Amino acid sequence: MAITEEKTVEEKNLSFVEQLVEQDLAEGKNAGRIQTRFPPEPNGYLHIGHAKAICMDFGVAEKYNGVCNLRFDDTNPTKENNEYVENILNDISWLGFKWGNIYYASDYFEKLWDFAVWMIKNGHAYIDEQTAEQIAEQKGTPTTPGVASPYRDRPVEENLKLFNKMNTPEAVEGSMVLRAKLDMANPNMHFRDPIIYRIIHTPHHRTGTKWHAYPMYDFAHGQSDYFEGVTHSICTLEFVPHRPLYDKFIDYLKEMRGETENLHDFRPRQIEFNRLNLTYTMMSKRKLLALVEEKFVSGWDDPRMPTLSGMRRRGYSPESVRKFIDSIGYTKFDALNDMALLEAAVREDLNKRALRVSAVLNPVKLVITNYPEGQTEEMEAINNPENEADGTHTITFSRNLWIERDDFMEDAPKKFFRMTPGKEVRLKNAYIVKCTGCTKDAEGNIVEIQAEYDPISKSGLEGANRKVKGTLHWVSADHCHKAQVRVYDRLFCVENPSADERDFRELLNPESLKTIENCYVENFAADCKPGQYLQFQRIGYFMADLDSTAENLVFNKTVGLKDAWAKQKK
């Protein structure tokens, strides 16, 4: 009984995709072999939605001792280039996955062409010279059958001649297409003589000008899976209606190869799961590209973008992204996930790995009037209380310090436990100080705060045991670096911009980026590079930006210590 219960618990922890994979393994399908693939089109940078597919494709292969290959779906040269290829490779590696082999759909252009020729010769495909608008109009609706093209029954030899003409420099783009001859009355619209080849004269990033006719995704995808020996083609829910067409083309391919005896053996099994959608963002690569090209953002890796490169630049860890994806799971139903869930996963992960440093974003001068002029001390600061192995570093203490302006109130309410005249606070890793007053300018703005320190209250000494309610961070005014800090908010100001009928440009949040100048960071933080996770104590998590230099420090705010967005919405 205990074994049965244990098995039931284990099954409950499996995603439905994993359950189907285990079912295939138990039935001995594909000789017990597991092979998946991640097939991105190199027409943009990967985003968090792709990360979900990556985690599934590579995760299933890892879990069941299989292999996951990377295949670039490069069948549309007008949108694809090598920059996107390189970035995709970087993003997958950053997430912590390793591919078995790298393939391209363009590897199979010869095989796909030969397959198309076979389909023409066997009466399964024809050249249509109608316009795209005419073809679309004749498709009908899901409840009314389509109308056959006037070219549907043209002779095989004529089709072959025109198909060869499509692949010449003289062919005019849009003048003709190759369509599969299937069923114009099928309730599945994808079966109504789908286009499988079209003319494109843009040079291909790998094959140059060798080809002028290119296969459509639905024609290339399943065949590429079959050529590579993929056992499980895992994709998102929008491909559910494409699945019968996927199987039909593979049936034809197996027939061409004479594999009709066991038509359903050793074919990829397509499994669909829900896409990842996040509040206050969108995953359309077309619209993300528009944001980049129209300069609404600084690039694909702008830290406000949902791209993996943007998240990496902002300071997200790959572990936090994977943990978030694991937490929302895989289902058969599309849902809108709250951005706060992703940020919570980032916050939880960075708490374990970020180095604690001191930074002041809205500075005001604090002078310790009874501390000797010119004297300094090196105070020990713990790098990460969550990980003793991270060690310590030193921060310089002096008479003149910077503290946060919000940490001082001249006339404070009773429960204000920060700095106010006559009250004591501890300066973190240093001394207890008592505020003695402040200096204002002609307009009444506070320009300096004065305090006295207790020499026997140094952190780590016996006198330091005296308790005070407030602890403030600080940096030495003479031992720090000026920095710029970039603070990010939601890219869009509506919760679900993808569902909004307005132009997506109108929905952009004008407050999505705020730049704070004249911040100060301790010397240790100034030496940190992009890729190092930091916690500015009492403020949030940060990372040095790619724009940062020794002369001009720039830090990105990754996420706050708490969810401030929830408070803003109330």
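Summary of computed values
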read-out	value
Alpha carbon convex hull of the stretch 400-476, projected area averaged over orientations, nm²	5.2 nm²
More than 19 Å apart - percent of Cα-Cα pairs taken over the stretch 33-154	63 percent
Simple Cβ-charge dipole of the stretch 434-534, Lys/Arg +1 and Asp/Glu -1, about Cα centre, in debye nearest 20	460 debye
C-alpha center-to-center spacing [the stretch 222-295, the stretch 127-191] in angstrom	22 Å
Among [x] -0.40, -0.88; [y] -0.35, -0.82; [z] -0.44, -0.82, the entry derived from the coordinates for log10 I(q)/I(0) by the Debye sum over Cα atoms at q = 0.06, 0.09 Å⁻¹	[z]
Highest average packing first - 298-311, 499-512, Cβ atoms within 10 Å	298-311, 499-512
Fraction of accessible area attributable to carbon and sulfur, the chain (%, probe 1.4 Å)	49 percent
Dipole of the chain, positive direction: furthest Cα of Pro150, Gln270, Tyr316, with charges on the beta-carbon	Tyr316
Total lysine pairs whose alpha carbons fall under 24 Å of each other in the stretch 167-322 (8 or more apart, or interchain)	4
Cross-link partners of Lys352 among aspartates and glutamates (Cα-Cα below 13 Å; sequence separation of 8 or more within a chain)	Glu319, Glu386, Glu388, Asp390
At least 30 Å along the helix axis (C-alpha) and Kyte average at least 0.5, DSSP helices within the chain	none
The chain - percent relative contact order, Cα under 8 Å, separation 6 or more	12 percent
Pairs of lysine residues in the stretch 83-179 - Cα separation under 19 Å, sequence separation of 8 or more or cross-chain	5
Two-decimal Rg/Rh across the stretch 30-85, once Rg and the Kirkwood Rh are taken from alpha-carbon atoms	1.06
Cα gyration tensor shape for the stretch 443-570, rounded if a/c is under 1.5, else prolate or oblate	prolate
Dipole of the chain, positive direction: furthest Cα of Val346, Gln19, Phe249, with charges on the beta-carbon	Val346
Those aspartates and glutamates that a straight Cα-Cα span of less than 15 Å connects to Lys458, excepting residues fewer than 8 apart in one chain	Glu377, Glu378, Glu380, Glu424
Options Thr36, Ile54, Tyr64, ranked by Cα towards positive dipole end of the stretch 23-107, top entry (Cβ charges)	Tyr64
Burial order of peptide ranges 554-562, 325-333 (average beta-carbon count within 10 Å, highest first)	554-562, 325-333
Size of electric dipole in the stretch 1-149: Cβ of Lys, Arg +1 and of Asp, Glu -1, about Cα centre, debye, nearest 20	260 debye
Protection proxy ranking of 71-82, 146-157 - average other beta-carbon atoms within 10 Å, highest first	71-82, 146-157
The chain - share of DSSP beta bridges that are antiparallel (%, nearest 5)	65 percent
Cα-centre dipole for the stretch 228-325 with unit charges at Cβ (Lys and Arg positive, Asp and Glu negative), debye to 20	620 debye
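The values are calculated or read from the model by the stated rules, or taken from the named source; none is laboratory data. Predicted model only: the values in this text are computed from it and were never measured. Neighbour counts run over all protein chains shown; Cβ positions are idealised from the backbone, glycine included. We work out accessible area using only protein heavy atoms, side chains counted, and drop any ligands, DNA or RNA first. Shrake-Rupley method; radii C 1.70, N 1.55, O 1.52, S 1.80 Å.
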